[in-house]
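K.L.:
Sharing a structure with you now.
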Amino acid sequence: MSAPNAAYPDTPEAEDTPPKRHEWPLWEIFIRGQHGLNHRHVGSLHAPDAEMAIKNARDVYTRRNEGVSIWAVEARHIAASSPSEKGPLYEPSQSKVYRHPTFFDIPEEAGHM
Amino acid sequence: MYAQMVKSTGDGVKSRDEMSDEERAFQDRIDADEKIEPKDWMPEGYRKTLIRQIGQHAHSEIVGQLPEGNWITRAPTLERKAILLAKVQDEAGHGLYLYCAAETLGVSRDELTEDLLSGRMKYSSIFNYPTLTWADMGAVGWLVDGAAIMNQVPLQRTSYGPYSRAMIRICKEESFHQRQGYDIMLKLANGTGDQKRMAQDALNRFWYPSLMMFGPSDKDSVHSAQSMAWKIKINTNDELRQKFVDQTVPQAEFLGLTVPDPDLKWNEETAHYEFTEPDWSEFFDVIKGNGPCNAERLAARNKAWDEGAWVRDGLLAHAEKKAARRVAAE
Amino acid sequence: MEKDQLFQYLLRFGDNTLVLGHRVSEWCGHAPVLEEDIALANTALDLIGQTQMWLGLAGEVEGKGRSADDLAMLRDAWDFRNVLLVEQPNGDFGQTLMRQFLFDLWHDLVLTELQNSAEPRIAEIAEKASKEVRYHLERSRDTVIGLGDGTAESHARMQAALDLLYPFVGEMSAPDEIDLAAHEAGIGPDLAEIDQRYRAALSDLMGEATLTLPADSFAHKGGKSGARHSEHLGHILTQMQWLQRAYPGAVW
């Protein structure tokens, strides 16, 4: 049988069922990078309200790159069609150089890492 | 590997004749390397196995913050402190991505969290070992993240779309983790006598627990067979363990450190290293809750969760009041 | 402004961010929810980065060849110049966020002014740090308001945190001779003026958070002058400096 699905209700129009008490609602996060592209879905997170969802998105999904625009949509308000295309990739922030593997100078003799 | 001994249906892989029409169509999609998305039809066993696997993986990331977090306030330089903090923060992020992937299967993060806290769900055995010296930050990055990457790279191709996307993101972020660990080991291996001893001691303590991360041999496991048919497991445990040893031994040699296995030797014919299996009775003890740090790790997670309840409730109550005030003003 | 005074002045900023960054980093892996865990780590990372800049410059000004790491890892408590507020223990999450907010509000005001410093290297650091701290403030302010206004329990905890930490607020904006010298040289802001703006903003925000500012305006001091730190600082240093002290001269 089909999977019951709280995050993406299996109906063309999302059912407006409020989240369980004491649980922060789930938000879908869309981010527009610096290059003038469209907003893209980058992932989800939990937050008590829209403002905090945007702040959390900034901390979780942009590591605070300047010049980005964030949309947060509560997951239960997403109306979805049937199977979606391939998922979005995401360029992480450039601001913390040590997050990038090339920051560390590994001698060739040590082999691939 | 952050998911160990994940149980599947336990019934073995169905033949095409035994499958329903829906199951057959589902298997065909997987065999054609199509991704399964949250709204697609899926067998209940697939959904449940994925929840167990992704949940265990997520829990491992969160509990995995603790042994390294243990050294953030003691890192030897400001740069090392920043790097370690960024790494442990990434683990929180990875846990978050994975919980979100699990949530698309109809389970909430809070439900999964409660299952972790009560001990109903497991996390990787490796995080029940203590980090005693700064060299352990090197060993954990080099060996533990190295072992995790062995498993996570192929999982980018897993059949479940949200899981695959989470793994792609995680692998991209995680590639710096192993290198920062090896970088710590390099500094120690080229350092003072004390630093070299520290590095060797860390390798001694983390070698076999790292080999255990892949789990016991599963070549005869019905659970693994089903998971592999569904492409939520890509390689056998033994394959990955061998690959890890083959990759890691030369790295240890380059550091001038000795892998604590007197029977380790290169086999020209197979072009693989022969190595001693870890003590599996120790592994089962750790899984059962008798590892050196099981009690502390679970206690730390329980404390964070319990003491955070008023914060989660408080911020939610404020959000609700704010929304009510907004409605009243309209 | 004399060289030693400038050195001391820079240590104040660097030690504030060093000690607060250390405190905030203690939360990693222990926050009430993953999103907060990640956000706190970002704050700590920013503060550590700012420390590298401030203490790096302090070492340069001192001219004795000490690096930022030397200053962080090899000074004892009496040589630290951070305000007492930032070395206060984390307490519960509310206490941590209240401490953060009380500091961020001051930090933001001061960094904004420091961008016009007559010392270009200070202006440069302030410009970078200011962007980060503006966001810290947004976040800590929203959280303090949210928890103050939230449930009866969260309100009570935030009021207790404010009562506990309020006596450490005054030190930040009470000018001493180094602050005055910096202001006269066009290097630093007029703290008395900062104090007025700080108190006005604080009063507004505590109103929004439904919290009551304590009537007693007593202020502890002795942190930024180094005259008398709290006992907490020594314990921070025993952790932070352990490896450098235990293995002198080793490279990590």
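K.L.:
Pull out all pairs, ordered by first then second residue, where Cβ-Cβ is under 7 Å, the residues are six or more apart or on different chains, the first lies in region B:150-167 and is over 14 Å from B:Phe214 (Cα atoms) and free of Cβ contacts under 8 Å to residues at least 24 places away in the same chain, and the second is open to solvent by less than 20 Å² (accessible area, probe 1.4 Å) and part of a loop (DSSP other than H, G, I, E, B).
P.N.:
B:Met167/B:Thr158
Yes/no per residue for (1) closer than 27 Å to B:Arg109 by Cβ; (2) at pLDDT 90 or above; (3) more than 10 Å from chain A (Cβ to nearest Cβ):
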position	(1), (2), (3)
B:Tyr2	yes, no, yes
B:Lys7	yes, no, yes
B:Asp11	no, no, yes
B:Asp21	no, yes, yes
B:Phe26	yes, yes, yes
B:Ala32	no, yes, yes
B:Met42	yes, yes, no
B:Gly45	yes, yes, yes
B:Gln53	yes, yes, yes
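K.L.:
Output yes when any residue across region B:196-215 is open to solvent by less than 20 Å² (accessible area, probe 1.4 Å), aliphatic (A, V, I, L, M) and not in a helix (DSSP H, G or I), and no when none is.
P.N.:
Looking for residues that are open to solvent by less than 20 Å² (accessible area, probe 1.4 Å), aliphatic (A, V, I, L, M) and not in a helix (DSSP H, G or I), one finds at least one in region B:196-215, hence yes.
K.L.:
From C:Gln95, C:Gln115, C:Gln100, which residue is buried (at least 24 other Cβ atoms within 10 Å of the Cβ) and closer than 18 Å to C:Thr17 by Cα? Spell out the reasoning first.
P.N.:
Numbers: C:Gln95 fails: buried (at least 24 other Cβ atoms within 10 Å of the Cβ); C:Gln115 fails: buried (at least 24 other Cβ atoms within 10 Å of the Cβ).
Criteria check complete, one pass: C:Gln100.
K.L.:
Identify the single condition in (1) assigned to a helix (DSSP H, G or I); (2) touching a residue at least 12 places away in the same chain (Cβ under 8 Å); (3) within 14 Å of another protein chain (Cβ to nearest Cβ) that B:Ala299 does not satisfy, given that it satisfies every other one.
P.N.:
All conditions pass for B:Ala299, except number (2).
K.L.:
Also, I was wondering about something else. So which residues in region C:226-245 are aliphatic (A, V, I, L, M) and either part of a helix (DSSP H, G or I) or facing chain B (nearest Cβ under 8 Å) (or both)? Steps first, please.
P.N.:
As a first pass, look at region C:226-245 and keep what is aliphatic (A, V, I, L, M): C:227, C:233, C:236-237, C:240, C:243.
Once the filter is applied, which keeps residues that are aliphatic (A, V, I, L, M) and either part of a helix (DSSP H, G or I) or facing chain B (nearest Cβ under 8 Å) (or both), region C:226-245 yields C:Leu233, C:Ile236, C:Leu237, C:Met240, C:Leu243.
Table: residues versus (1) over 18 Å from the mean Cα position of the chain (by Cα); (2) of a type in the set (Asp, Glu); (3) within 25 Å of B:Ala252 (Cβ to Cβ); (4) within 14 Å of chain A (Cβ to nearest Cβ).
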site: B:Pro130; (1), (2), (3), (4): no, no, yes, no
site: B:Ala139; (1), (2), (3), (4): no, no, yes, no
site: B:Val144; (1), (2), (3), (4): no, no, yes, yes
site: B:Gln178; (1), (2), (3), (4): no, no, yes, yes
site: B:Arg197; (1), (2), (3), (4): yes, no, yes, no
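K.L.:
Name the single residue, out of those in region B:167-176 being farther than 16 Å from B:Leu85 by Cα and within 9 Å of chain A (Cβ to nearest Cβ), that is most open to solvent (accessible area, probe 1.4 Å). Outline the logic, then answer.
P.N.:
Looking only at region B:167-176, we keep the residues that are farther than 16 Å from B:Leu85 by Cα, and these are B:167-172.
Next cut, within 9 Å of chain A (Cβ to nearest Cβ) only: B:168-169, B:172.
Working: B:Ile168: 51, B:Arg169: 29, B:Lys172: 82 Å².
Among those that are farther than 16 Å from B:Leu85 by Cα and within 9 Å of chain A (Cβ to nearest Cβ), it is B:Lys172.
K.L.:
Would you check if there is a residue in region A:70-82 being part of a loop (DSSP other than H, G, I, E, B), farther than 22 Å from C:Glu35 by Cβ, of a type outside the set (Gly, Ala, Ser) and modelled with pLDDT of 70 or more?
P.N.:
To start, the set of residues in region A:70-82 that are part of a loop (DSSP other than H, G, I, E, B) comprises A:78-82.
From what is left, the residues that are farther than 22 Å from C:Glu35 by Cβ are A:79-82.
Those left that are additionally of a type outside the set (Gly, Ala, Ser): none.
Within region A:70-82, none of the residues are part of a loop (DSSP other than H, G, I, E, B), farther than 22 Å from C:Glu35 by Cβ, of a type outside the set (Gly, Ala, Ser) and modelled with pLDDT of 70 or more.
K.L.:
Against the condition at pLDDT 90 or above and on the phi > 0 side of the Ramachandran plot, how does A:Gly43 come out, does it pass? Talk me through it step by step, then tell me what you get.
P.N.:
Values: at pLDDT 90 or above: yes; on the phi > 0 side of the Ramachandran plot: yes.
Yes: the conditions hold for A:Gly43.
K.L.:
I'd like to verify a number: residues in region B:77-112 that are more than 9 Å from chain C (Cβ to nearest Cβ), in contact with a helix residue (DSSP H, G or I) (Cβ under 8 Å, 6 or more places away or on another chain) and open to solvent by 20 Å² or more (accessible area, probe 1.4 Å), how many?
P.N.:
Total meeting the criteria: 2.
K.L.:
Mind listing whichever residues of region B:122-132 are out of contact with any Pro (no Cβ under 8 Å at 6 or more places or on another chain) and either open to solvent by 30 Å² or more (accessible area, probe 1.4 Å) or without any contact (Cβ under 8 Å) to a residue 60 or more places away in the chain (or both)? Show your work before the answer.
P.N.:
Keep residues of region B:122-132 that are out of contact with any Pro (no Cβ under 8 Å at 6 or more places or on another chain), which gives B:122-124, B:132.
Correct list: B:Lys122, B:Leu132.
K.L.:
Can you tell which of B:Ala148, B:Ala135 is open to solvent by less than 20 Å² (accessible area, probe 1.4 Å), among the hydrophobic types (A, V, I, L, M, F, W, C) and touching a helix residue (DSSP H, G or I) at 6+ places or on another chain (Cβ under 7 Å)? Please lay out each step first, then the result.
P.N.:
Details: B:Ala148 fails: touching a helix residue (DSSP H, G or I) at 6+ places or on another chain (Cβ under 7 Å).
Checking each option against the conditions leaves just B:Ala135.
K.L.:
Still on this structure, I have one more. Any residue in region C:122-131 that is touching a Lys or Arg at 6+ places or on another chain (Cβ under 9 Å) and either modelled with pLDDT of 95 or more or charged (D, E, K, R) (or both)? Spell out the reasoning first.
P.N.:
Taking region C:122-131 first, the residues touching a Lys or Arg at 6+ places or on another chain (Cβ under 9 Å) are C:131.
Those still in the list that are either modelled with pLDDT of 95 or more or charged (D, E, K, R) (or both) too: C:131.
Yes, that holds for at least one residue.
K.L.:
If you don't mind, there's one more thing I want to ask. Any idea which of A:Asn56, A:Asn38 is assigned to a helix (DSSP H, G or I), under 23 Å from B:Pro162 (Cβ atoms) and not basic (Lys, Arg)? Reasoning before the result, please.
P.N.:
Numbers: A:Asn38 fails: assigned to a helix (DSSP H, G or I).
Answer to the selection: A:Asn56.
K.L.:
Wholly within region C:142-198, which helices (runs of 4 or more DSSP H) include no fewer than the required count, namely at least 3 residues that are within 30 Å of B:Gly314 (Cβ to Cβ), within 14 Å of chain B (Cβ to nearest Cβ) and in contact (Cβ under 8 Å) with a residue 24 or more places away in the chain? Spell out how you get there, then give the answer.
P.N.:
On the way: elements: C:152-165, C:170-173, C:177-184.
Correct list: C:152-165.
K.L.:
So is C:Glu171 open to solvent by less than 20 Å² (accessible area, probe 1.4 Å) and of a type outside the set (Ser, Thr, Tyr) or not?
P.N.:
Yes.
K.L.:
Moving to a separate point now. Hey, any hits in region B:151-166 for a residue that's under 19 Å from the mean Cα position of the chain (by Cα), open to solvent by 10 Å² or more (accessible area, probe 1.4 Å) and within 13 Å of chain C (Cβ to nearest Cβ)?
P.N.:
no
K.L.:
Consider B:Asp115 carefully, then state whether it is open to solvent by 10 Å² or more (accessible area, probe 1.4 Å) and either more than 7 Å from every other protein chain (Cβ to nearest Cβ) or of a type outside the set (Phe, Trp, Tyr) (or both). If you could, list the steps in order and put the result at the bottom.
P.N.:
Values: open to solvent by 10 Å² or more (accessible area, probe 1.4 Å): yes; either more than 7 Å from every other protein chain (Cβ to nearest Cβ) or of a type outside the set (Phe, Trp, Tyr) (or both): yes.
Taking the combined requirement at face value, the residue satisfies it.
The values are calculated or read from the model by the stated rules, or taken from the named source; none is laboratory data. This one's a predicted model, so the numbers in the text were calculated from it and none came from an experiment. Cβ sites come from the backbone with ideal geometry, for glycine too, and all protein chains shown count toward neighbours. Quick note on the areas: whole protein, heavy atoms, side chains included, nothing else; ligands and nucleic acids left out. Shrake-Rupley method; radii C 1.70, N 1.55, O 1.52, S 1.80 Å.
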